[in-house]
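Encoded as structure tokens, the structure appears first; notes follow it.
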Amino acid sequence: MSERVIPLVDQRMTTRAAVVPTTPIAATGLLGDALGRPLRDLRISVTDRCNFRCSYCMPKSIFDKDYPYLPHSALLSFEEITRIARQFVAHGVQKVRLTGGEPLLRKNIEILIEQLAALRTTEGRPLDITLTTNGSLLQRKARDLKAAGLRRVTVSLDGLDDAVFRAMNDVDFPVADVLRGIEAAREAGLGPVKINMVVKRGTNEHEILPMARHFKGTGAVLRFIEYMDVGATNGWRMDEVMPSAEVVQLIHRELPLVQLDPSAPGETAERWGYADGSGEIGVISSVTQAFCRDCNRARLSTEGKLYLCLFATQGHDLKPLVRGGASDAELASAIAGIWQGRDDRYSELRASMPPDQSAGGRRIEMSYIGG
């Protein structure tokens, strides 16, 4: 029998050890990167596992039953995650988003949420704690998540047509169960619930209007995301990208829209409200209209590796410091040194890159670091 080869560079190994700067960097809440961008948003992946096999994220041909997921011993404990998050908050982070994989697969995640909810920003305010989920477990967990301190949820939903949805998640999961999860989140007070739809031309663009009609007037905020070239396993092609401008035009013809102001600095979504006042939609134009210049997000992997961009090729491993006896001040100083050197702006530079660099390369996978 020939040896089985997984056609994927394991980006979990392409990291450098985080180091404590010789000159300490104090946490003042005003940390900026090399381009002057502040640190305000931390996205924490709590698991590299998911129960869906969406083709644009975790295609079944790669992530099959033999895929070598991280062992539990390699994952950061909830206490370690909270300790790291505390140092980020000291540097100015105000929002923490829990991602995966599918974060609700992490056992007892409510305990982590409780720990994070006890943290306070440099202004003394509670953190804005959110979570992105595929919705499959949301109906049973919504109330407990809210009670633990979660503020909002974002649900990934790529269509209402059951056949299309089952085909896209590739595990035959019914859309009705996700819709019940969304309703459970709304009833639990995890709102406004945001719904993220990745639009892939030739696959689900016919679902745009049904999605807009369905969620109009419900209080949920529907956001359409351009199909992105994250990682190297989804076979991304530019001709499968439907520009956000087309999405807005399509909806506007039937459901008139008016543009709204951004809700916060660094907001990734361009906001549009229904002209009759019955809610809003958003579009995230990560391919056609890059927003790198306002990006204030850092990403922490489930085993403690810090990435400065969704399209990063290398991370910085914080776990040796966390488990090696570094003090909080040393850990905070190491994080500051990494952020101060950040000059990532892949999406802005994509168009000028040679095809072999812009079309795949050795970038991290979305399933590993979250969206």
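Comparing 84, 208, 111 in a Gaussian network model of the chain where C-alpha atoms under 10 Å apart are linked, the largest mean-square fluctuation is found at 111.
Couplings 3J(HN,Hα) for the stretch 20-33, derived from phi with the Karplus relation 6.51 cos²θ - 1.76 cosθ + 1.60 (θ = phi - 60°), are 7, x, 4, 9, x, 10, 6, 7, 10, x, 10, 5, x, 8 Hz, where x marks Gly and Pro.
For the options 55, 45, 136, a Gaussian network treatment of the chain with springs between C-alpha atoms closer than 10 Å singles out 55 as fluctuating the most.
Give me the net charge for the shell around residue 109: Cβ to Cβ below 12 angstrom, other residues only, Lys and Arg +1, Asp and Glu -1. The answer is -1.
Descending by average beta-carbon neighbour count within 10 Å, the peptides 212-225, 268-281 line up as 212-225, 268-281, the highest first. For residue 102, nonlocal amide neighbours, meaning residues 5 or more places apart or on other chains whose placed amide H falls under 5 Å from its own, are 49, 50, 51.
Scoring 143-149, 87-93 by mean Cβ neighbours within 10 Å over their residues and listing the highest first yields 87-93, 143-149. Of the listed values [x] 1.04; [y] 0.95; [z] 0.98, grab the one calculated as Rg/Rh (Cα atoms, Kirkwood Rh) from the structure here. So the structure-derived entry is [y].
Modelled this way, with points 7 Å down the Cα-to-C-beta line, the labels at residue 23 and residue 137 are 4.6 nm from one another. Of the chymotrypsin sites (Phe, Trp or Tyr not before Pro) found in the stretch 289-321, none is in coil by DSSP with at most 11 other Cβ atoms within 10 Å of its Cβ.
For residue 225, nonlocal amide neighbours, meaning residues 5 or more places apart or on other chains whose placed amide H falls under 5 Å from its own, are 197, 198, 199, 284. Pairwise Cα distances in the stretch 88-139 exceed 13 Å in 60 percent of cases.
Helix 138-148 and the longest principal axis of the C-alpha atoms of the chain enclose an angle of approximately 40°.
Computed from Cα atoms, the angle from the helix 244-254 axis to the main principal axis of the chain rounds to 30 degrees. For the stretch 156-170, backbone phi angles converted through the Karplus equation (6.51, -1.76, 1.60; θ = phi - 60°) give residue-by-residue couplings of 7, 8, 9, x, 9, 5, 4, 5, 5, 5, 4, 5, 6, 7, 6 Hz, Gly and Pro being listed as x. The amide H of residue 43, built 1.01 Å from its N in the peptide plane, has 97, 298, 299, 300 as neighbours under 5 Å, considering only residues 5 or more places off or on other chains. Evaluate the stretch 156-306: find the radius of gyration of its Cα atoms, find its Kirkwood radius, and give the ratio Rg to Rh. Rounded to two decimals, Rg over Rh is 0.96. With the simple spin-label model, which puts each label point 7 Å out from Cα in the Cβ direction, the residue 123 to residue 328 separation comes to 2.2 nm. The stretch 286-311 and the stretch 15-40 have Cα centres separated by 15 Å. Computed over the chain, the per-residue total of -39500 (n - 2.57) for DSSP H runs of n ≥ 4 gives a 222 nm mean residue ellipticity of -8000 deg cm²/dmol, rounded to 500. Tell me the angle of helix 78-90 to the major Cα principal axis of the chain, expressed in degrees between 0 and 90 and rounded to the nearest ten. Around 90 degrees separate the two axes. Karplus-derived 3J(HN,Hα) values for the stretch 212-217, using 6.51 cos²θ - 1.76 cosθ + 1.60 with θ = phi - 60°, are 4, 5, 5, 8, 4, x Hz; glycine and proline are entered as x.
Once the chain from residue 261 to residue 293 is taken as fully extended at 0.36 nm per residue, the excess over their C-alpha distance is 9.8 nm.
The numbers here are math on the coordinates, done by the rules we state, and not lab data. Bear in mind that the values here come from a model prediction, so they are computed numbers and not experimental data. Here Cβ is always computed from backbone atoms with ideal geometry, including for glycine, and neighbour counts include all displayed protein chains.
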